[in-house]
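**Q** Structure in structure tokens, see below.
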């Protein structure tokens, strides 16, 4: 009922705005109110993309094979999408189970989620789901709805001379911006599941991968784990059942457990190191710098290519005021991932401990050019 009312509300808004603000969704085939052009979507995503990468943990760089593999699967799915966008796929260096899509086709998936899955079909399910979010304009529609709310419904009323029509427009606006948006996330998720599985089918994947993925998410959520993915992509038994119905209609398809496990083997080889990293970060935040140092060294024995392990060691040595040793670790982190702001902030603090203020200033300037932080700005303002 609510969905029908929302569709009626959208139709009314389209009549009010005329053709200017209305379009047919390339994925769903339904008419919708759209206040953002495709060019604006792409610009918005390109602006948010580097910032979100930095905020989320930076790019995963320890093993390029992992990123190349994810990108190849993503592009295979993007080729069958209903909307031609500049799709791009990045692996984020974070242990949480998470994936996201920005307007315009910028898509991220966390290292931790890759480690949790067991087949390329599951990976395809995640990426296809996120591609649908971008192709259907879900993120852009959220932004547009916010913009519409800011316009104020009195603006709509001012465009209409008839008092009864003004009242009707206000009621319709309240429905679109209120009741319909209360179900917005759930509706988007169901659409992304449904059409994502269609993209999987077009690309030749086994749709059971989507069922297995949702079963994995549901089991994880019932375990009480706080995973950011579940805040934006809430799992449910209904979604599992809906995916199973769709999957049962198509048999066969590409699963490739072996290709997936081979391409992501380095993640499993370093799994204990990432656990040590998480424990080490907690120890550091608790001012237990000696324990943090021991955990960093444990992680580095498993993979010296991971800049996050070197960074943890640098922070632990900073806490212990062993600045010269810490500088060696910070240099390694910067060398391995020169595009991540936090490595420069760490090295700047170590330079401060050594009294090398010009070097600290230089690193804070680099950090600020990548991603603005109060810490870097405060130092530059003082110096």
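The values are calculated or read from the model by the stated rules, or taken from the named source; none is laboratory data. Worth saying up front: this structure is predicted, and the values here are computed from it rather than measured. A quick note on method: Cβ atoms are made from the backbone with ideal geometry, for glycine too, and the neighbour counts reach across all protein chains shown.
**Q** Residue 97 is checked against (1) outside any helix (DSSP H, G or I); (2) at pLDDT 95 or above and fails just one. What number does that condition carry?
**A** The one condition residue 97 does not meet is (2).
**Q** Now for a separate question. Tell me, please, whether a residue that is in a loop (DSSP other than H, G, I, E, B), surrounded by fewer than 17 Cβ atoms within 10 Å (Cβ to Cβ) and touching a helix residue (DSSP H, G or I) at 6+ places or on another chain (Cβ under 6 Å) can be found in the stretch 280-297. Quick ask: steps written out before the conclusion?
**A** First, the residues of the stretch 280-297 that are in a loop (DSSP other than H, G, I, E, B): 286-288.
Cutting the leftovers down to surrounded by fewer than 17 Cβ atoms within 10 Å (Cβ to Cβ) gives us 286-288.
Those still in the list that are touching a helix residue (DSSP H, G or I) at 6+ places or on another chain (Cβ under 6 Å) too: none.
Taking every residue of the stretch 280-297 in turn, none turns out to be in a loop (DSSP other than H, G, I, E, B), surrounded by fewer than 17 Cβ atoms within 10 Å (Cβ to Cβ) and touching a helix residue (DSSP H, G or I) at 6+ places or on another chain (Cβ under 6 Å).
**Q** Take residue 351 and tell me if it is modelled with pLDDT of 95 or more, surrounded by 21 or more Cβ atoms within 10 Å (Cβ to Cβ) and over 24 Å from residue 59 (Cα atoms).
**A** Numbers: modelled with pLDDT of 95 or more: yes; surrounded by 21 or more Cβ atoms within 10 Å (Cβ to Cβ): yes; over 24 Å from residue 59 (Cα atoms): yes.
So residue 351 passes the test.
**Q** Please specify each residue of the stretch 77-86 satisfying the condition of being touching a residue at least 24 places away in the same chain (Cβ under 8 Å) and either in contact with a strand residue (DSSP E or B) (Cβ under 7 Å, 6 or more places away or on another chain) or surrounded by fewer than 19 Cβ atoms within 10 Å (Cβ to Cβ) (or both).
**A** Within the stretch 77-86, the subset touching a residue at least 24 places away in the same chain (Cβ under 8 Å) is 77-83, 85-86.
79, 80, 82, 83, 86, listed by residue number.
**Q** Does residue 91 satisfy the condition of being within 15 Å of the chain's Cα centre (by Cα) and buried (at least 20 other Cβ atoms within 10 Å of the Cβ)? Full working, then the answer.
**A** On the way: within 15 Å of the chain's Cα centre (by Cα): yes; buried (at least 20 other Cβ atoms within 10 Å of the Cβ): yes.
Against the criterion (within 15 Å of the chain's Cα centre (by Cα) and buried (at least 20 other Cβ atoms within 10 Å of the Cβ)), residue 91 qualifies.
Per-residue answers, yes or no, for (1) in contact with a helix residue (DSSP H, G or I) (Cβ under 6 Å, 6 or more places away or on another chain); (2) within 20 Å of residue 52 (Cα to Cα); (3) outside any helix (DSSP H, G or I):
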residue	(1), (2), (3)
310	yes, no, no
324	no, no, no
327	yes, no, no
339	no, yes, yes
342	no, yes, no
350	yes, no, no
363	yes, no, no
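**Q** Residue 292 - would you say it is within 25 Å of residue 51 (Cβ to Cβ) and either more than 28 Å from the chain's Cα centre (by Cα) or modelled with pLDDT of 95 or more (or both)?
**A** Numbers: within 25 Å of residue 51 (Cβ to Cβ): no; either more than 28 Å from the chain's Cα centre (by Cα) or modelled with pLDDT of 95 or more (or both): yes.
Against the criterion (within 25 Å of residue 51 (Cβ to Cβ) and either more than 28 Å from the chain's Cα centre (by Cα) or modelled with pLDDT of 95 or more (or both)), residue 292 does not qualify.
**Q** Quick check on residue 69: is it closer than 23 Å to residue 340 by Cα, in the same structural domain as residue 128 (by TED's automatic domain parsing), part of a helix (DSSP H, G or I) and in contact with a strand residue (DSSP E or B) (Cβ under 7 Å, 6 or more places away or on another chain)?
**A** Values: closer than 23 Å to residue 340 by Cα: yes; in the same structural domain as residue 128 (by TED's automatic domain parsing): yes; part of a helix (DSSP H, G or I): yes; in contact with a strand residue (DSSP E or B) (Cβ under 7 Å, 6 or more places away or on another chain): no.
For residue 69, the condition - closer than 23 Å to residue 340 by Cα, in the same structural domain as residue 128 (by TED's automatic domain parsing), part of a helix (DSSP H, G or I) and in contact with a strand residue (DSSP E or B) (Cβ under 7 Å, 6 or more places away or on another chain) - is not met.
**Q** What are the pairs, 6+ residues apart or on separate chains, where a residue within the stretch 93-108 that is outside the structural domain of residue 333 (by TED's automatic domain parsing) has its Cβ under 6 Å from a residue that is assigned to a loop (DSSP other than H, G, I, E, B) and crowded, with 24+ Cβ neighbours inside 10 Å?
**A** Between residues of the stretch 93-108 that are outside the structural domain of residue 333 (by TED's automatic domain parsing) and residues that are assigned to a loop (DSSP other than H, G, I, E, B) and crowded, with 24+ Cβ neighbours inside 10 Å, the close pairs are 93/60.
**Q** Turning to a different aspect of this structure: With the structure loaded, tell me whether residue 250 is crowded, with 22+ Cβ neighbours inside 10 Å, closer than 23 Å to residue 215 by Cα and touching a helix residue (DSSP H, G or I) at 6+ places or on another chain (Cβ under 8 Å) or whether it fails that test. Spell out the reasoning first.
**A** Details: crowded, with 22+ Cβ neighbours inside 10 Å: no; closer than 23 Å to residue 215 by Cα: yes; touching a helix residue (DSSP H, G or I) at 6+ places or on another chain (Cβ under 8 Å): yes.
Answer is no for this residue.
**Q** May I ask you to verify whether residue 108 is in contact with a strand residue (DSSP E or B) (Cβ under 6 Å, 6 or more places away or on another chain) and closer than 28 Å to residue 35 by Cβ? It would help to see each step written out before you state the result.
**A** Details: in contact with a strand residue (DSSP E or B) (Cβ under 6 Å, 6 or more places away or on another chain): yes; closer than 28 Å to residue 35 by Cβ: yes.
So residue 108 passes the test.
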